[in-house]
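Note sheet for the following structure.
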Amino acid sequence: MRFRSLCAALMTTAFCALTVPLAIALAEYEVIEVTNGGTIKGTATWKGEIPKIPPIKVFKHMDTCGQTVKSPVLQVDPASMGLRFVLVYLENVEKGKVPEKNYPLHMGQIKSRPDSELCNFEEHVFPFVRTRPVALQNVEKLLHNPHGFAEGNTTLFNVAMPDPMKIVEKTFLRTHGVGLHFQCDTHVHMNGYMAGFDHPYFAVTDHKGRFEITGVPPGQYKLVLWHEGYSTKEFMQDHRPVFDEPHVITKDIEVKEGDTVEVNGEFPIRPVKVEWKVASE
Ligand SMILES: [Cu+2]
């Protein structure tokens with residue numbers, strides 16, 4: 001996957017075609033009928049004290065959005081200690097269930113969507129199948145401009161969304177890999193991570209840290225639980241915070257026909273350190 005990201009970043013088809021033709025051809029995902037697939041479910045939890053994360057400064061539309069917004073980078077439910085926005089996925093699945101028709105990415109707040117956020121992305125961590133359309137939708141009356149990047153900071157998409165409720169569907173075939181940055185160019189406080197997969201075997205944990213992946217063909221797999229870094233390292237020139245490396249847990253699992261495998265992940269995987277001094281500068 002890393003090498004394919006490099007191909008996307010370099011945008012040189014000839015280079016990639018010459019060097020890895022067979023590997024890419026074999027990695028194409030094949031849709032098959034999964035009649036008695038297994039389920040992988042579980043919870044990502046936080047262990048230890050919950051660090052206080054500094055809010056993120058707002059630089060535009062402060063009348064609507066406020067002076068600061070709550071940082072989305074570490075959301076723990078204090079009752080269950082469930083950790084939200086953990087991306088859970090299987091590595092290298094070559095055949096399986098059909099992907100979704102499209103993958104929606106919402107901007108802004110609307111009553112009909114309880115998880116929607118004023119002046120922010122609803123899907124802060126946003127996985128999708130790269131061969132299917134992403135449905136961009138701004139649901140509020142503010143100009144948002146989603147902008148996604150490949151490794152190496154080349155642009156994958158950059159779409160101005162001035163019209164509330166209009167849906168723009170686009171397919172971002174070049175998106176490969178996990179932890180790719182996306183942002184709103186209008187609002188520097190709006191940032192998230194996307195992941196482009198060949199297959200649809202992924203999930204993002206909910207408010208209580210729960211996830212479920214269904215219709216998995218029986219077999220041996222590597223399951224990955226990925227959670228973004230939350231300690232501010234520095235700020236980019238436009239004031240966007242840059243966080244430390246993600247926390248990643250990998251587990252070998254076996255899925256049997258019609259069975260449910262329970263997998264739990266405990267974060268953080270390294271000592272907690274939140275740098276307030278940097279974040280408040
Ligand atoms: Cu915006």
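Since every read-out is calculated from the coordinates, none of them should be taken as a lab result. None of the values given here were measured: they were computed from a predicted structure. When we count neighbours, we look across all protein chains shown, and the Cβ atoms used for this are built from the backbone with ideal geometry, even at glycine.
Straightening the chain between E49 and E257 buys 71.0 nm, computed as 0.36 nm per residue apart minus the Cα-Cα spacing.
Each residue of the range 261-275 was assigned a 3J(HN,Hα) from its phi angle through the Karplus curve 6.51 cos²θ - 1.76 cosθ + 1.60 (θ = phi - 60°); the sequence is 9, 9, 10, 10, x, 10, 10, x, 9, 8, x, 6, 8, 10, 8 Hz, with glycine and proline shown as x.
When the listed pairs K52/K251; K60/K166; K97/K208; K47/K273; K57/K141; K222/K256 are checked against a 19 Å cut-off, the alpha-carbon distance exceeds it for K52/K251; K60/K166; K97/K208; K57/K141.
Do the sum for the chain: with -39,500 (n - 2.57) for every DSSP H run of n ≥ 4, divided by all residues, what is the mean residue ellipticity at 222 nm, to the nearest 500 deg cm²/dmol? Result for the chain, helices only: -2500 deg cm²/dmol. Each principal axis of the Cα atoms in the range 7-267 has its own extent, and those three values, largest first, are 54, 49, 36 angstrom. Residue-wise HN-Hα couplings along the range 161-173, as the Karplus relation 6.51 cos²θ - 1.76 cosθ + 1.60 with θ = phi - 60° gives them from phi, are 10, x, 9, x, 6, 6, 9, 10, 9, 9, 10, 10, 4 Hz; Gly and Pro carry x. The distance separating the Cα centre of the range 200-231 from that of the range 63-133 comes to 13 Å.
Modelled spin-label separation between I110 and T35, with each label point placed 7 Å from Cα along the Cα-to-Cβ direction: 4.0 nm. Note on the chain: antiparallel DSSP beta bridges, both residues inside, total approximately 70 percent of the bridges counted. Ordered by the number of other Cβ atoms lying within 10 Å of each residue's own Cβ, fewest first, D259, D198 fall into the sequence D259, D198. For the range 46-58, 3J(HN,Hα) computed residue by residue from phi via the Karplus equation (6.51, -1.76, 1.60; θ = phi - 60°) reads 9, 10, x, 5, 8, x, 7, 9, x, x, 10, 5, 9 Hz, glycine and proline entered as x.
Less than 15 Å from a label point 7 Å out along the Cα-to-Cβ axis of M236: which backbone N atoms in the range 144-164 qualify, by residue? Within reach of a label on M236: 145-159.
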